[in-house]
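Step one of this worksheet: look at the structure below.
The values are calculated or read from the model by the stated rules, or taken from the named source; none is laboratory data. Since the model is a prediction, treat every value here as computed from it, not as a measurement. So basically every Cβ, Gly included, is an ideal-geometry build from the backbone, and we count neighbours across all protein chains shown. Areas reflect the complete protein model, heavy atoms only, side chains present, ligands, DNA and RNA absent. Shrake-Rupley method; radii C 1.70, N 1.55, O 1.52, S 1.80 Å.
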Amino acid sequence: MTAVSLSLDGELTVINAAEQHERLLRALDGSRLDVSLAGVTDLDTAGLQVLLFLSREAARRSVPVSFAGHSPAVLEVLRLVGLSPSLEVDT
């Protein structure tokens, strides 16, 4: 298996959360998943759920996943809900 890199662009909202969920799950077939969030222009709770599910599912499958290049929209939502950029609970 090989490492997979994905870039998310545009809105990650209820409008396209199911589509992105499926895309990200398919990407977990690699040995590692790197997700760029630099192009995300809007993130709502449905989009955040997709990212949290991906993180949890990757851990369950023992596939390392990293999130990088957080856009201002992503950072704002993470700050509001108390999550770090790695999607860990900020203490």
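In segment 1-49, the qualifying residues are those that are β-branched (Val, Ile, Thr), outside any strand (DSSP E or B) and in contact with a helix residue (DSSP H, G or I) (Cβ under 9 Å, 6 or more places away or on another chain), and the one that is least open to solvent (accessible area, probe 1.4 Å) is THR13. When both residues are 6+ apart or on different chains and their Cβ atoms are under 6 Å apart, which pairs have a first residue that lies in segment 71-88 and is under 13 Å from LEU51 (Cα atoms), and a second that is open to solvent by 20 Å² or more (accessible area, probe 1.4 Å) and modelled with pLDDT of 90 or more? Cβ pairs passing all conditions: PRO85/HIS70; LEU87/SER55.
When segment 53-74 is examined, which residues are found to be loosely packed, with under 14 Cβ neighbours inside 10 Å and in a helix (DSSP H, G or I)? Of everything in segment 53-74, those that are loosely packed, with under 14 Cβ neighbours inside 10 Å and in a helix (DSSP H, G or I) turn out to be ARG56, ALA59, ARG60, PRO72.
Might you check whether a residue that is over 15 Å from VAL4 (Cβ atoms), among the β-branched types (Val, Ile, Thr) and out of contact with any Phe, Trp or Tyr (no Cβ under 9 Å at 6 or more places or on another chain) occurs anywhere in segment 61-70? Looking through segment 61-70, none of the residues is over 15 Å from VAL4 (Cβ atoms), among the β-branched types (Val, Ile, Thr) and out of contact with any Phe, Trp or Tyr (no Cβ under 9 Å at 6 or more places or on another chain). Restricting the first member to segment 17-41 and to residues that are more than 16 Å from PHE53 (Cα to Cα), and the second to residues that are of a type in the set (S, T, N, Q) and surrounded by 15 or more Cβ atoms within 10 Å (Cβ to Cβ), the beta-carbon pairs closer than 6 Å and six or more apart or on different chains are ALA38/SER71; VAL40/SER71.
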